[in-house]
Amino acid sequence: MSKEIGKKLAQEAGRRELSRIIMRGSSAKMGMKNRLFGLLPARFQWVIPFVQQNLKIEAPKLSGLKFQLPGGFRKSQDITKQSQQLAPEIEVTSLPQIFQPAQPLYLKYDCPRGNPLSCEVAQQTLEAKPQAKYCRQCGFPVPLAPDTKIRGDRGTYKIERLLRHRGMGRLYEAIQLSDHQPVILKEYLLPKRYFNSEEIRQRKDLFRLVGGINLADGRIQDQRLISPWEAIAPLREERCYLVTRGQIDAFPTLSSYLLETGAFTSAQVRQVLDQVLQSLEFLHEQKFRLRSGALKQGIIHGNLSLDSLIFVPNTQGFFVYLCDLSLWESFGQPILSDSAYSSPQQDLKALGYIAFYLLNGRTFNPKTEQEIDPRVEEDWPLGVHLELKNFILNLIGLGTQKFETAQLARQTLLKLSGEWWIGDGTLIPVGIPEALVVEAIEKKRRQRTRLLAFLLATLGLILLALLIMWIRVIRQQKTATKDPVCCIEKVAGIPLGNFTYTASVNGTWSYLLQQPNLIAPGRTLEQDLEQRLQPEDPSEPPKYSFRYVPEPTSTLAIAKVLSGETDFAITNLANARTAYNNLIHTQIGYREFAYDGIVIFVPFSYARRENGLPQRLNGSITFDELRQLYTGKIKNWQELGGPNLPVKLYIPNEEEALRVFEQRVLQNERAIADFHNLLKAPTSANTLVRTPATITPLSTFEMLRTVIRDFEDRNIGSIGFATLSKVFGQCSVYPLALSEGNQTPVSPLVRNLDNQPISPLTDLCNNKGSYSPNVTAFSQNQYPLAYPLVVIYPRDNRLPSVGEKFAEILTTLEVQTLLDRTGLIPIYRQSPPASQSVQRE
């Protein structure tokens, strides 16, 4: 009997020592890879996966390490147990199961593996036919093909490769196209054999509301909880996506790590418990804000298992991250429930079972074909610390103590006797003299102090260099631009006399200058400026005046300046550069005073938003799609994934806006020619009857009324464009976010609350004061159709500098406030814009 026990003890000790060696080797390998990866600048980190994929360089498998161990030690191990510990790595004809077989997923699909999410036939279908959408054998949706682009509110992401299946979805490596930073994308399926169209819509609406959490007070706190960066639910797909930034979400789960390394030691399990309890304490007790904006006090993980804990090795051991919360993981299950369970105690119970499985290195006993049970003494491995065992039983609910909270459980864990941590991962066994412990702690402290001093010195040098650069930039900016003048009366050197200036008669400046009610009821900007330019004493004659005489086009307006027939002109810089780019800075000078831009809009009906164009287009459109629309290539919105509505095209009767649209959207001569052909009304040679033109020019406000009437009364999906200064505040249309090429779509409007783009769920009519123009995007030229408004004047020292001085008047804070009220984006903004409460037509 004693010999048998001794033999078992020797086998158990050998197995555990082997697991420890392999685990440390794996941790060192992954840690070294992460450190090398981190040494590369972010913009060059793509080199490593590129080289690995194209040169077929692979890291050595743990199986190779295992069978290179010393012969005497290796011979003492049972080969069957070795295979059991490293099942995925070692090719053995018959491998014992160490995990309980998973329940089949999506049984309505006849998948040969019982799980179409990880079935190789679906991948083979995609490789054979890159355009395939469904598996050739069972009909389940195939994985996303490489280079597939997924568009979200925060960016556009390009799929690099499929990683694996985890939980209820597939994981992909991807990059965010705007900055080429790596992201991990998890795909969830809503297959049509389980969900009808209405159920899919409801699930997607819910997904958008719960796909991600943040602390309610806005703090960023790393508690090893992987929360999505963005939730994407395209309306015309049976898929949804969660995006997480960085690479942590791609690390192995504890389940897959167990397959490589085998059972954890008691000290390692204790470290796992400590980290997960700390994360659960944070999750259960903090107040969070859901993606919908709702506040929630404490969140239950609800899906805690070996497959929802991420294992990340580091130089001091490892970190364990929580992922796949039930809040969004249960979204794709055919039977939707609020949570797998709904109390913190259930999270603690699940953690107890995880610790039990880690100690065993498995969840399934192949001999009994049953899941191992903590109530069965034979299912506990030999050598487990008794206090740790009792703690795990208490977590599960089988012990003498019940933990109400994760905080209480962690406090109890930290009080356990036995091995304990100095803080850097070093283990100090009980029985070591106190003097040696103190000496070890002091040694570690001295090492940290030297390292900290080096880091602080390096950081100090970097900060000093940055400070010097910043001072230089500030000085350059101060020499290049002056601080804005407060008011008109502070503008010095305005030439005396009567002057004329011009702009396009249908352009932005004519509208803003002469349209009543923009800045105050019953008043125009022209009247207000004229009054502010008058002397304080009414009996005094005016020292100067500026008479506005518009021209038919902005090109003619600038020509009048060059010929000397007028003193200066106002236009947008895009048109000025197109017509007279070779004369700018030589014969023509200019100064910016505000920003405007072209916005593309479709009808917006909040009551019918589910089937409206904004919702079906995901709130955005690309330049390529606009070119196809305005050259007649697309005639029904279904061709762009929208509803079954015919397309009707409108344009403003404004020469400035049309010129910008042609330059930046249509771009090439062929597209511009096709665009003008659609503007013409063709005449039949036989009947001499003129048929209606495909594109209809209208005034902006008539266009806004017509677009919404087309949708509500005629079931037509109209699209048009106009300047932001005229469209902002009008809630009958929805301004779409724009993207050019692979760039992230940029919205012309943002929410005031968090400065995030508006979405089709935003009520533009009832919440007018909740959003405003995207000032950053327009002022920094990030919005594709943004442009500055400028005063154009002749560069001739023989003439009075009236144009420069009028531009200086427009850039005073006094006039900038007036321009803000008209709908322009001033270059000097004192405060966020107020709600548009004045009449804009």
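The values are calculated or read from the model by the stated rules, or taken from the named source; none is laboratory data. What you see is a predicted model; the values in this text were computed from it and never measured. For neighbour counting, all protein chains shown are included, and Cβ atoms are generated from backbone atoms with ideal geometry for every residue, glycine included. With ligands, DNA and RNA removed, areas are computed over all heavy atoms of the protein, side chains included. Shrake-Rupley method; radii C 1.70, N 1.55, O 1.52, S 1.80 Å.
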Task: the stretch 625-639 - residue that is out of contact with any Leu (no Cβ under 7 Å at 6 or more places or on another chain) and assigned to a helix (DSSP H, G or I) and, of those, surrounded by the most Cβ atoms within 10 Å (Cβ to Cβ) - done: Leu626
Task: Verdict on Ile600 being modelled with pLDDT under 90 and closer than 28 Å to Thr508 by Cα - done: no
Task: Selection within the stretch 525-580 - surrounded by 13 or more Cβ atoms within 10 Å (Cβ to Cβ), assigned to a loop (DSSP other than H, G, I, E, B) and in contact (Cβ under 8 Å) with a residue 60 or more places away in the chain - done: Thr553, Thr566, Asp567
- [ ] Go through the residues of the stretch 139-161 one by one and say whether even a single one is assigned to a helix (DSSP H, G or I), without any contact (Cβ under 8 Å) to a residue 40 or more places away in the chain and polar (S, T, N, Q).
- [x] no
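How many residues are in a strand (DSSP E or B) and either hydrophobic (A, V, I, L, M, F, W, C) or open to solvent by less than 20 Å² (accessible area, probe 1.4 Å) (or both) if we restrict to the stretch 728-778? Lay out the reasoning, then the answer.
Residues of the stretch 728-778 in a strand (DSSP E or B): 733-735, 737-739, 746, 749-751, 757, 771-773.
Retained after the next criterion (residues that are either hydrophobic (A, V, I, L, M, F, W, C) or open to solvent by less than 20 Å² (accessible area, probe 1.4 Å) (or both)): 733-735, 737-739, 746, 749-750, 771-773.
Residues flagged as in a strand (DSSP E or B) and either hydrophobic (A, V, I, L, M, F, W, C) or open to solvent by less than 20 Å² (accessible area, probe 1.4 Å) (or both) within the stretch 728-778 amount to 12.
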Open item on the list: Could you check the stretch 515-524 and list, in sequence order, the residues that are out of contact with any Pro (no Cβ under 7 Å at 6 or more places or on another chain) and in a loop (DSSP other than H, G, I, E, B)?
Closed with: Gln515, Pro516, Asn517, Leu518, Ile519, Pro521
TODO: Determine, yes or no, whether Trp420 is touching a strand residue (DSSP E or B) at 6+ places or on another chain (Cβ under 7 Å) and at pLDDT below 90.
DONE: yes
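With respect to Leu512, determine if the residue is over 22 Å from Lys805 (Cβ atoms), open to solvent by less than 40 Å² (accessible area, probe 1.4 Å) and not in a strand (DSSP E or B).
On the way: over 22 Å from Lys805 (Cβ atoms): no; open to solvent by less than 40 Å² (accessible area, probe 1.4 Å): yes; not in a strand (DSSP E or B): yes.
No; evaluated as a whole, the condition is false for this residue.
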- [ ] Mind listing whichever residues of the stretch 542-553 are farther than 19 Å from Lys805 by Cβ and either at pLDDT below 90 or of a type in the set (Val, Ile, Thr) (or both)?
- [x] Thr553
Task: strands (runs of 3 or more DSSP E) within the stretch 185-270 that include 1 or more residues surrounded by 21 or more Cβ atoms within 10 Å (Cβ to Cβ) - done: 230-232, 239-245
Open item on the list: Looking for something among the β-branched types (Val, Ile, Thr) and either without any contact (Cβ under 8 Å) to a residue 12 or more places away in the chain or in a helix (DSSP H, G or I) (or both) - is there at least one such residue anywhere in the stretch 303-312?
Closed with: no
Task: Cross-chain or 6+ apart pairs with Cβ under 8 Å, the stretch 766-795 first and farther than 19 Å from Arg751 by Cα, then of a type in the set (S, T, N, Q) and buried (at least 24 other Cβ atoms within 10 Å of the Cβ) - done: Tyr787/Asn572; Pro788/Asn572; Leu789/Thr508; Leu789/Thr571; Leu789/Asn572; Val790/Thr571; Val790/Asn572; Ile792/Thr571
- [ ] May I ask you to say which residue of Glu592, Glu610, Glu662 is out of contact with any strand residue (DSSP E or B) (no Cβ under 8 Å at 6 or more places or on another chain) and modelled with pLDDT of 90 or more?
- [x] Glu662
TODO: Using the structure shown, decide if Glu662 is farther than 23 Å from Ser699 by Cα, out of contact with any Pro (no Cβ under 9 Å at 6 or more places or on another chain) and open to solvent by 10 Å² or more (accessible area, probe 1.4 Å).
DONE: no
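Per-residue answers, yes or no, for (1) at pLDDT below 85; (2) within 30 Å of Ser747 (Cβ to Cβ); (3) among the aromatic types (Phe, Trp, Tyr):
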site: Thr125; (1), (2), (3): no, no, no
site: Gln131; (1), (2), (3): yes, no, no
site: Val142; (1), (2), (3): no, no, no
site: Ala145; (1), (2), (3): no, yes, no
site: Thr148; (1), (2), (3): no, yes, no
site: Arg161; (1), (2), (3): no, no, no
TODO: Please verify whether the stretch 710-726 includes one or more residues that are touching a residue at least 24 places away in the same chain (Cβ under 8 Å), in contact with a helix residue (DSSP H, G or I) (Cβ under 8 Å, 6 or more places away or on another chain), of a type in the set (S, T, N, Q) and surrounded by fewer than 16 Cβ atoms within 10 Å (Cβ to Cβ).
DONE: no
Open item on the list: Yes or no: the stretch 788-800 includes at least one residue that is open to solvent by less than 40 Å² (accessible area, probe 1.4 Å), closer than 18 Å to Leu529 by Cβ and in a loop (DSSP other than H, G, I, E, B).
Closed with: no
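Return yes when Ile441 is at pLDDT below 90, of a type in the set (A, V, I, L, M), surrounded by fewer than 16 Cβ atoms within 10 Å (Cβ to Cβ) and assigned to a loop (DSSP other than H, G, I, E, B) and no when it is not.
Details: at pLDDT below 90: yes; of a type in the set (A, V, I, L, M): yes; surrounded by fewer than 16 Cβ atoms within 10 Å (Cβ to Cβ): yes; assigned to a loop (DSSP other than H, G, I, E, B): no.
When the stated conditions are applied, Ile441 does not pass them.
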- [ ] For the stretch 285-292, indicate whether the set of residues that are outside any strand (DSSP E or B), modelled with pLDDT of 90 or more, open to solvent by 20 Å² or more (accessible area, probe 1.4 Å) and closer than 26 Å to Trp380 by Cβ is non-empty.
- [x] no
